[in-house]
Amino acid sequence: MTVTIQQVVDKLIEPVGRLEMTVDKLEPGNPETEVSGVGVTFLLTQEVLEDAIKLGINLIISHEGPFYSHHDQKDALAQNAVYLEKRRLLEESGIAVFRCHDYVHRYKPDGITQGLVEALQWQSNIEEILPAATVVSLPPMTVEEIAAWVKSKLGVPFVRVTGNASNPVSRVGVAVGYRGGGSVTIPLFAEKELDLIIAGEGQEWEAPEYVRDATHQGRNKTMLFIGHGASEEPGMERLAEWLQEAFPAVPVHFLAQRPLFRVL
């Protein structure tokens, strides 16, 4: 059975309905092209692109944009050698790219947050699903123990912690991507009486400084940052599995990435 790029895009849009304002779009690509293989990834790096070419993929679903900005700002890169080389390879490959950011975040529950919760095996511990985070209740354990669990389940070499890592915690907020900023996490700490928030990343001078002051006051508040990509990759892997079920005749590959940073 022939599957076109447009059919795959329609399937991704289906749970939400078409959005008028979104960064998600097909570029490059012809929607009528038959799909020979799909690659799903957190971000279309050049290494991922090269892997996709080797696998015979002609459609990539990327959560983040491939050219270093949330919004389309390629004009500023028009003379940049790194951008030009990557764009040349993409054009020569003939691979279509659909960015799936806003749609998957608007699934109910949020497909990216749910993917992280499932990767941490905390589905049965969910207490409340909020627009920007999921609250889970865990058996009491220390932040150090949770950090070790997170690293083992996500395969990440390190996490960053602010607050007292030896504190026992049980009420935990899980927030992905850039939702570790103060506007999201500080109200969560207060309104949901959380001991710990696990997030992808956020401004260091907002919530982490709130946690520093809370700890100094003797309050049990801690944050654990796992990195933007590490927090959102599980959701995209979950999306790849869903697409494979929807289109069993088309090979669907999850294209994982190595950690972006290392500690020296």
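Inclusion of Ala52 among residues that are assigned to a helix (DSSP H, G or I), small (Gly, Ala, Ser) and at pLDDT 95 or above is warranted.
One residue stands out in the range 243-264 among those that are part of a helix (DSSP H, G or I) and without any contact (Cβ under 8 Å) to a residue 60 or more places away in the chain: the one that is surrounded by the fewest Cβ atoms within 10 Å (Cβ to Cβ), namely Glu245.
Looking at the range 66-111 only, could you name the residues that are closer than 13 Å to Val48 by Cα and crowded, with 18+ Cβ neighbours inside 10 Å?
First, the residues of the range 66-111 that are closer than 13 Å to Val48 by Cα: 66, 86, 89-90, 93, 95, 97.
If the condition is that a residue be closer than 13 Å to Val48 by Cα and crowded, with 18+ Cβ neighbours inside 10 Å, then Pro66, Lys86, Leu90, Ile95, Val97 are the ones that fit.
Each row is one residue, and each column tells you yes or no for (1) over 29 Å from Pro131 (Cα atoms); (2) of a type outside the set (Lys, Arg); (3) under 18 Å from the mean Cα position of the chain (by Cα).
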position: Thr2; (1), (2), (3): yes, yes, no
position: Glu27; (1), (2), (3): no, yes, no
position: Val40; (1), (2), (3): no, yes, yes
position: Val82; (1), (2), (3): yes, yes, no
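Every residue, every condition in (1) assigned by TED's automatic domain parsing to the domain that holds Arg88; (2) surrounded by 13 or more Cβ atoms within 10 Å (Cβ to Cβ); (3) within 15 Å of Tyr103 (Cβ to Cβ), yes or no:
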| residue | (1), (2), (3) |
| --- | --- |
| Lys11 | yes, yes, yes |
| Glu14 | yes, no, yes |
| Gly17 | yes, no, yes |
| Thr22 | yes, yes, yes |
| Thr33 | yes, yes, no |
| Thr45 | yes, yes, no |
| Val48 | yes, yes, no |
| Ile61 | yes, yes, yes |
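Evaluating Ser69 against the criteria (1) over 30 Å from Pro131 (Cα atoms); (2) among the polar types (S, T, N, Q); (3) without any contact (Cβ under 8 Å) to a residue 12 or more places away in the chain leaves one unmet condition, (1).
The values are calculated or read from the model by the stated rules, or taken from the named source; none is laboratory data. Bear in mind that the values here come from a model prediction, so they are computed numbers and not experimental data. Backbone-built Cβ (ideal geometry, glycine too); neighbour counts: all protein chains shown.
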